[in-house]
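Written below as structure tokens is the structure these notes are about.
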Amino acid sequence: MRNAARLPLAIAVALTLGLVSAQVVYAQQEVIATVPEGEFVFRDMTIRPGKTPVFKHVLVGQVENRTSKDWESLYFEFSFFDSQGNRIGEPQVFPIPFARRRGQMNDFNVTSLNPPSSPVARYAIRFIKGQPSAVYSFLMSKPKENRDLHYEDEIIDITFAVTREQIGFDLRNKSEQPVSIDWNSTSYVDVSGNSHRVMHAGVKYADRDKSQPPSIVPPTARLKDTIHPTDYVDFSKNFGWSTNSLFPRAPEAAHFDGKAFSVFMPLQVEGKIKNYLFTFTIEAKM
């Protein structure tokens with residue numbers, strides 16, 4: 001790992017010097033912190049006076065993620081140097097969550113800063129640790145194996161879109177008769193084999209446990225919808241409604257690699273029920 005400054009350093013300015021609690025402002029244009037996956041670019045860093053007695057000094061700036069990955073967590077070590085190249089105080093380690101998304105530049109701020117006691121002429125930043133985000137992909141293993149998550153027979157043509165948050169599908173009725181989706185019998189089967197009642201788009205969270213009317217797909221028509229397990233929906237007085245993800249973030253995602261889940265979807269055509277079980281294999285890469 002290395003750190004480098006690519007642009008000329010900005011002039012470091014001390015507004016008020018003396019005690020550690022003094023108000024100071026220092027700036028530098030660009031510092032690079034490298035990792036095996038690429039680099040993080042920190043720009044226009046400044047130590048400013050805080051606005052509250054608790055946060056007397058705040059380190060602000062911009063950070064760009066030039067790595068090949070998204071990240072769940074990131075920690076960097078910041079060192080401060082004077083104009084003679086002497087380090088000021090001990091290095092400080094901060095979490096920088098604003099750098100998690102690849103290809104994005106975001107403002108960041110650190111309020112837990114222990115401010116340097118003398119003017120800063122240069123910053124050095126070193127990557128300490130981080131957890132890359134899990135990258136999920138899915139394979140339909142049943143009724144017919146394929147990576148397009150697609151199935152077709154004489155009645156329906158259906159394609160799924162699976163994310164960590166929900167399962168979407170686009171269903172086309174190929175028949176000359178209406179097709180009905182029985183939501184009260186449709187279920188999500190998790191990787192442990194447990195069956196969960198589901199809700200679909202348009203159902204209020206508060207009504208998730210009530211009986212749901214069927215969705216009718218007319219002949220040759222399409223239905224785009226999403227499903228989510230009803231017991232993955234929570235309510236709290238402080239935060240209101242929230243939904244839990246179907247699959248975890250890293251590093252727990254590694255335990256889901258190679259496991260399977262299913263969607264059981266009974267369809268009614270001409271008064272007869274045809275049961276469809278769509279099974280998907282999970283691929284989780286860090």
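The values are calculated or read from the model by the stated rules, or taken from the named source; none is laboratory data. For clarity, every value in this text was computed on a predicted model and none was experimentally measured. Counting neighbours? That spans all protein chains shown, and the Cβs are built from the backbone with ideal geometry, glycine included.
Results, tabulated for the structure shown:
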{"read-out": "Qualifying residue in the stretch 140-157 (condition: outside any loop (DSSP other than H, G, I, E, B), of a type in the set (F, W, Y), free of Cβ contacts under 8 Å to residues at least 40 places away in the same chain and surrounded by 14 or more Cβ atoms within 10 Å (Cβ to Cβ))", "value": "no"}
{"read-out": "Options S187, S195: the member that is of a type in the set (S, T, Y) and touching a Lys or Arg at 6+ places or on another chain (Cβ under 9 Å)", "value": "S187"}
{"read-out": "Residue list for the stretch 175-192, restricted to those being more than 26 Å from the chain's Cα centre (by Cα), part of a loop (DSSP other than H, G, I, E, B) and of a type outside the set (A, V, I, L, M, F, W, C)", "value": "S175, E176, Q177, P178, D182, N184, S185, T186"}
{"read-out": "Enumeration of residues in the stretch 163-180 that are modelled with pLDDT under 95 and within 20 Å of P248 (Cβ to Cβ)", "value": "T163, R164, E165, Q166"}
{"read-out": "Count of the stretch 197-209 residues which are more than 28 Å from E154 (Cα to Cα) and either at pLDDT 95 or above or not aliphatic (A, V, I, L, M) (or both)", "value": "6"}
{"read-out": "Boolean, R172 is among the charged types (D, E, K, R), part of a loop (DSSP other than H, G, I, E, B) and touching an Asp or Glu at 6+ places or on another chain (Cβ under 7 Å)", "value": "no"}
{"read-out": "Condition met for K69 (in contact (Cβ under 8 Å) with a residue 24 or more places away in the chain, in a strand (DSSP E or B) and farther than 25 Å from A260 by Cβ)", "value": "no"}
{"read-out": "Residues within the stretch 95-136 that are in a loop (DSSP other than H, G, I, E, B) and within 16 Å of P36 (Cβ to Cβ), tallied", "value": "2"}
{"read-out": "Qualifying residue in the stretch 69-84 (condition: surrounded by fewer than 17 Cβ atoms within 10 Å (Cβ to Cβ), among the small types (G, A, S) and over 14 Å from S133 (Cα atoms))", "value": "yes"}
{"read-out": "P116 surrounded by 15 or more Cβ atoms within 10 Å (Cβ to Cβ), farther than 20 Å from T226 by Cα and either over 28 Å from the mean Cα position of the chain (by Cα) or among the β-branched types (V, I, T) (or both)", "value": "yes"}
{"read-out": "Per-region count, the stretch 14-45, residues modelled with pLDDT of 85 or more and either more than 30 Å from the chain's Cα centre (by Cα) or not aromatic (F, W, Y) (or both)", "value": "14"}
{"read-out": "Tally, over the stretch 72-94, of residues that are more than 29 Å from the chain's Cα centre (by Cα), in a strand (DSSP E or B) and more than 17 Å from T111 (Cβ to Cβ)", "value": "3"}
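Listed here are the residues, each with its yes/no results for (1) of a type in the set (G, A, S); (2) in a strand (DSSP E or B); (3) at pLDDT 95 or above.
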| position | (1), (2), (3) |
| --- | --- |
| D231 | no, no, no |
| D234 | no, yes, no |
| N238 | no, no, no |
| F247 | no, no, no |
| S262 | yes, yes, yes |
| I282 | no, yes, yes |
